[in-house]
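Have a look at the structure below, then the notes.
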Amino acid sequence: MTFHQFAYRNVIRNIRVYAAYFMASFFSVFVFFIYSMLMFHPEIEDGFLGNVPIIWMVVAEIILVVFSWFFIFYSMKAFLEARAKEFAILLHLGMERRQLSRLVFLETIIIGSISIILGIVFGYAFSKFFFMIVREILMLEDLPLYLSWEPFLLTIAVYFSAFILISLFSVHFSPERKVIDLLNRYKTIQIDVDFTKGKAILGIVLILGGYVLALLTTRSTMIIFSVFIPFLIILGTYLFFTDTTQYFVDRIKNRRFIYWKKSRMLPMAEQSFVLKNNGKMFFVMTIVTTLAFLSIGLLATLSSYTSQYDKLNPLGLIYKGHIDNPKENEHISSLVSELEEKELSYQLTRFTVLKQTSSFTKFEVEVFKESDINNLLVSYGYPLVRLARGEAMFIPYSEDSIKELSKKRVETVLLENDVEITIDQVYPELIFPSSIVSLNSIIISDVDFRRLVKPYSSFPHEEPGYHLFAFDIPQWVEAEGVGVALQQEVSEESLKEEYKLPYYYENAGLNYSYILSTYSLFTLLGLLVAAVFLLAAGSFIYFKLHTSLEAEKKKFDVLKRMGISNHELKSLVTKLLFPQFFLPWGVALCHSLFAFFALQNILKNFANVSIVKEVVFAFGFLILIEIIYYNLIRWRYIAHVRD
Amino acid sequence: MSVLHVQDVTKVYEGKVTNRALNQLSFEVDKGEFLAVMGPSGSGKSTLLNLISTIDRPTSGEIIFNEMKPQNLNSTELAYFRRRELGFVFQDFNLLPTLTVEENVVLPLTLDQKPISVMEERLGVLAERLDLTTILHKRPNEISGGQAQRVAIARALIHEPAIILADEPTGNLDSNNTREVLELLSNINRERQATIVMVTHDPIAASYCDRVLFIKDGEFFNEIHRDDRRQTFFQRILNVLSLLGGGQVGDLSSIRLP
């Protein structure tokens, strides 16, 4: 048997020992490869998304690489730790440390190669499926499977170098320990509890402070808080796991009537030991899990924003211009001809909107004519408006405003022309997107409208009214190519300090396609990164348990001899594992919930979207996954310690 | 009156190589007796102890505790039986490293969910008797081997079991601690009328007992009772051991290694 054969047989015959490590490596390669397939996709490279998303994809890919390196390094360390006794025997038999490094190196290369090959094979097999999902999300015509050397080369290069470097690194930089210590590992466990009361309380205070700030976040304080809150939370979480948890367990332990009752003693004592030794890992896990939660929650939010987009933007194209706009005819006819060229059916409604001064508010009010509005409503298929003389109706500017305005009743006089009206209704649907109508827009009857002869006079420099051209296009998404030049002009102007163009143009389809593709891409990136994060967070615990399994087994042996029934053993394992799993996850969940409170506040002022439903759904799904994962691990763990 | 009755017990380990570890072994242990079981490596001592501990079942034969047959109990009842009727002392102490000394001692009572007043009362008595009061709040890695074994003995006594099973209790101790632990065991045996079954390699340890049972290759070999002087008892044990080893007394030194 040569040395190479020894390494090879070590791996092949002990495949069960290596399984956990192998699975971790395999999954990293798998995700990375699929992702590279997308990144190098010719259609995506051609830039249907523009340059910005490509940069984000590269950033996400780098995060993925860094994290999976860290992940492999960690699992490698745990794996070596679990095999310390085996190595001690080899060293005892006279193996040199150099040879041991070579053994580990060879084994890592074998496992690494297998996981790279299988990861790529499975990755390639699944990439068509993945592309189908991407195609649906990005609403592309087609995203075919392709074969090119780039993703293969990238994956192999990244992971092969990772395996080589990590195996060299983890053997050479592991502290040299005496053979005797490795052989008697169980006896050399150090258990001292160290925490300070001050730090313990500080941890709680910092976290609570972060939460309170999150609740107080508004749009104006967003930027300062978004620097401050993560700082508070991260530091607080660190102290929480290194000191606070130990402090609490210690407080309980000092009360015998709680601590010694109902066989609580053993799990509690174990817990303080587990918390002390794994505080830093729990901290990393909590932060990683929080990131995963946040990215998933954010995605749910964005998807809700896109699904509500249709409702918030009922019109396909909108052109708004001053009454004396010189380019009006030119622009409208070009838009119409573009629409006809594309064979899109449309309904054009022309509005003349007049500004008047309301005696009630002493400010301007934008007045729409009943018959103009009804023209548009007919093409929407919405119920029509009927107003008698002296009656008026609010035009809602957002979903929320419908409710608010419906309670309002205003009697006012349009001062310039002395028209008395009573506004006591609101139209129950959004007619215009919020960027077009002012907050104070009303519809009045045609009779009253004809009486508005004198123009708006409160501010002579302001335009007394405007023309509005609303194109209702049933297939509005397909109109994204209409008036691109105009949109360009408008968006350039709106970046300037003062908007001086006499016209304004909005293409819902075009905006939608921008928003959708950007958000979908974020979705994709976020989901992949979150999947890797979640998997990693779970695996950290798994490896930790795996490493200490030998010692645990011995402990349970003693307990079994002393008389512990199967049922009690199970409940003991539950009490041992439950906090390890759900404490970091619970804290992460709590962090994310407060983060979403803040986000909800910001979005409310911004996009008028409620995210409660999506967040609840996303978190429910995550909790379900965690429970399944926990039960899986618990089941394996009980099976291990029982025999 | 016998507390433990081992009757025609045979244990066969099936597997690729069938191994008969115990063969038709019978003996009795009376209440308040301190019995040592001796025999060379592989003679079936550990198997016997596992069978008495009820964590293994005999292939044939019966083990009867106070007229009760644990073979007939299910696994939960067996666990309850062990925690109430049996006390264990191990060679490598097996104290749980995460618990303090006093917590280790009361562990059997917490498993059985006894009231705290009972725990504290018994703990006080035992700590006094076994000289543990100064180390009650230390952890197992902060105390010496002799102290650790005293803690283990306290743990074996606290639930007042019918029988204490000791597996090489002096195997990891130096000669001073060995003497201390053995004297402690024999004193407890006398004072509390505790029944002790001790498995050992060590003729010195065995010489503290009332009776020594020798087994070889899983079968009963010989049995000798204690007389007035420990010295002569020790000598007689050595004589039997030399017979056991096929006349080569020199074997003993290799046997004695833990």
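Working carefully through the options A:L387, A:L335, A:L354, A:L405, find the one that is assigned to a loop (DSSP other than H, G, I, E, B) and buried (at least 16 other Cβ atoms within 10 Å of the Cβ). Working first, answer last.
Details: A:L335 fails: assigned to a loop (DSSP other than H, G, I, E, B); A:L354 fails: assigned to a loop (DSSP other than H, G, I, E, B); A:L405 fails: assigned to a loop (DSSP other than H, G, I, E, B).
Going through A:L387, A:L335, A:L354, A:L405 in turn, just one is assigned to a loop (DSSP other than H, G, I, E, B) and buried (at least 16 other Cβ atoms within 10 Å of the Cβ): A:L387.
Looking only at the range B:116-126, residues that are facing another protein chain (nearest Cβ under 9 Å) and either in a loop (DSSP other than H, G, I, E, B) or surrounded by fewer than 20 Cβ atoms within 10 Å (Cβ to Cβ) (or both) come to 2 in all.
Residues that are assigned to a helix (DSSP H, G or I) and within 21 Å of B:P97 (Cβ to Cβ) within the range B:130-144 comprise B:T134, B:I135, B:P140, B:N141, B:E142, listed in sequence order.
So, A:E107, is that one closer than 14 Å to A:V171 by Cβ, modelled with pLDDT of 80 or more and charged (D, E, K, R) or not? I'd like the intermediate steps shown before the answer.
On the way: closer than 14 Å to A:V171 by Cβ: yes; modelled with pLDDT of 80 or more: yes; charged (D, E, K, R): yes.
So A:E107 fits the description; yes.
Looking at B:T76, B:T110, just one residue is part of a helix (DSSP H, G or I), at the interface with another protein chain (Cβ under 7 Å from one of its Cβ atoms) and more than 24 Å from A:F273 (Cα to Cα), and that residue is B:T76. Determine whether B:Q7 is in contact with an Asp or Glu (Cβ under 7 Å, 6 or more places away or on another chain) and farther than 27 Å from B:L184 by Cβ. So B:Q7 passes the test.
For the range A:268-287, a residue qualifies if it is more than 10 Å from chain B (Cβ to nearest Cβ) and not basic (K, R), and the qualifying residues are A:L275, A:N277, A:N278, A:G279, A:M281, A:F282, A:F283, A:V284, A:M285, A:T286, A:I287.
Being surrounded by 15 or more Cβ atoms within 10 Å (Cβ to Cβ), away from chain A (no Cβ under 12 Å), touching a helix residue (DSSP H, G or I) at 6+ places or on another chain (Cβ under 8 Å) and closer than 27 Å to B:A21 by Cα is the requirement here; does B:P70 meet it? Steps first, answer last, please.
Details: surrounded by 15 or more Cβ atoms within 10 Å (Cβ to Cβ): yes; away from chain A (no Cβ under 12 Å): no; touching a helix residue (DSSP H, G or I) at 6+ places or on another chain (Cβ under 8 Å): yes; closer than 27 Å to B:A21 by Cα: yes.
So B:P70 fails the test.
Inside the range B:50-62, residues that are away from every other protein chain (no Cβ under 13 Å) and surrounded by fewer than 19 Cβ atoms within 10 Å (Cβ to Cβ) make up a count of 5.
You will find that of B:K31, B:K11, the residue that is among the basic types (K, R), surrounded by 13 or more Cβ atoms within 10 Å (Cβ to Cβ), in contact with a helix residue (DSSP H, G or I) (Cβ under 8 Å, 6 or more places away or on another chain) and over 20 Å from B:D202 (Cβ atoms) is B:K11 and no other. Applying the condition of being under 15 Å from B:I153 (Cβ atoms) and modelled with pLDDT of 90 or more to the range B:196-217 and asking which residue is farthest from the chain's Cα centre (by Cα) yields B:I196.
Here's the yes/no breakdown for (1) of a type in the set (A, V, I, L, M); (2) within 13 Å of chain A (Cβ to nearest Cβ); (3) assigned to a loop (DSSP other than H, G, I, E, B); (4) surrounded by fewer than 20 Cβ atoms within 10 Å (Cβ to Cβ):
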site	(1), (2), (3), (4)
B:F88	no, yes, no, no
B:E103	no, yes, no, no
B:E128	no, no, no, yes
B:G146	no, no, no, yes
B:E160	no, no, yes, yes
B:L165	yes, yes, no, no
B:P169	no, no, yes, no
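Identification of helices (runs of 4 or more DSSP H) wholly contained in the range A:1-93 with 2 or more residues that are closer than 30 Å to A:M132 by Cβ, modelled with pLDDT of 75 or more and outside the structural domain of A:L549 (by TED's automatic domain parsing) yields A:15-39, A:51-82. So B:I204 fits all but one of (1) buried (at least 18 other Cβ atoms within 10 Å of the Cβ); (2) over 16 Å from B:V89 (Cβ atoms); what number is the exception? So B:I204 meets the others, but not (1).
No other residue among A:I116, A:I166 is in a helix (DSSP H, G or I), surrounded by 14 or more Cβ atoms within 10 Å (Cβ to Cβ) and more than 29 Å from the chain's Cα centre (by Cα) apart from A:I166.
Does the range A:571-589 contain at least one residue that is of a type in the set (D, E, K, R), within 14 Å of chain B (Cβ to nearest Cβ) and over 21 Å from B:L73 (Cβ atoms)? Show your work before the answer.
Looking only at the range A:571-589, we keep the residues that are of a type in the set (D, E, K, R), and these are A:575.
From what's left, within 14 Å of chain B (Cβ to nearest Cβ): A:575.
Keeping just the survivors that are over 21 Å from B:L73 (Cβ atoms) gives A:575.
Taking every residue of the range A:571-589 in turn, at least one turns out to be of a type in the set (D, E, K, R), within 14 Å of chain B (Cβ to nearest Cβ) and over 21 Å from B:L73 (Cβ atoms).
Scanning the range B:172-195 for residues that are within 18 Å of B:F90 (Cβ to Cβ), over 12 Å from the mean Cα position of the chain (by Cα) and not in a helix (DSSP H, G or I) yields B:N172, B:L173, B:D174.
Could you please find all residues in the range A:357-384 being in contact with a helix residue (DSSP H, G or I) (Cβ under 6 Å, 6 or more places away or on another chain), crowded, with 18+ Cβ neighbours inside 10 Å and assigned to a helix (DSSP H, G or I)? A:E370 - this is the single residue of the range A:357-384 that is in contact with a helix residue (DSSP H, G or I) (Cβ under 6 Å, 6 or more places away or on another chain), crowded, with 18+ Cβ neighbours inside 10 Å and assigned to a helix (DSSP H, G or I). Annotation note: Cβ proximity below 6 Å between a residue of the range B:177-195 that is touching a residue at least 12 places away in the same chain (Cβ under 8 Å) and a residue that is buried (at least 16 other Cβ atoms within 10 Å of the Cβ) and among the charged types (D, E, K, R) (sequence gap 6+ or interchain) occurs for B:T195/B:E33.
For the range B:90-101, which residues satisfy the criterion of being away from every other protein chain (no Cβ under 11 Å) and more than 20 Å from A:Q271 (Cβ to Cβ)?
Residues of the range B:90-101 that are away from every other protein chain (no Cβ under 11 Å), as a first pass: B:91, B:101.
Correct list: B:Q91 only.
Residues in the range B:101-126 that are touching a Lys or Arg at 6+ places or on another chain (Cβ under 7 Å) and either farther than 22 Å from B:L184 by Cα or without any contact (Cβ under 8 Å) to a residue 12 or more places away in the chain (or both): B:L111, B:D112, B:Q113, B:I116.
Listed here are the residues, each with its yes/no results for (1) assigned to a helix (DSSP H, G or I); (2) closer than 23 Å to A:N278 by Cβ; (3) modelled with pLDDT of 80 or more; (4) more than 14 Å from every other protein chain (Cβ to nearest Cβ).
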| residue | (1), (2), (3), (4) |
| --- | --- |
| A:K187 | yes, yes, no, no |
| A:F195 | no, yes, no, yes |
| A:A200 | yes, yes, yes, yes |
| A:Y211 | yes, no, yes, yes |
| A:L215 | yes, no, yes, yes |
| A:I234 | yes, yes, yes, yes |
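The values are calculated or read from the model by the stated rules, or taken from the named source; none is laboratory data. All figures in this text were calculated on a predicted structure; none of them were measured in a lab. No Cβ is skipped: glycine too gets one built from the backbone with ideal geometry, and neighbour counts run over all protein chains shown.
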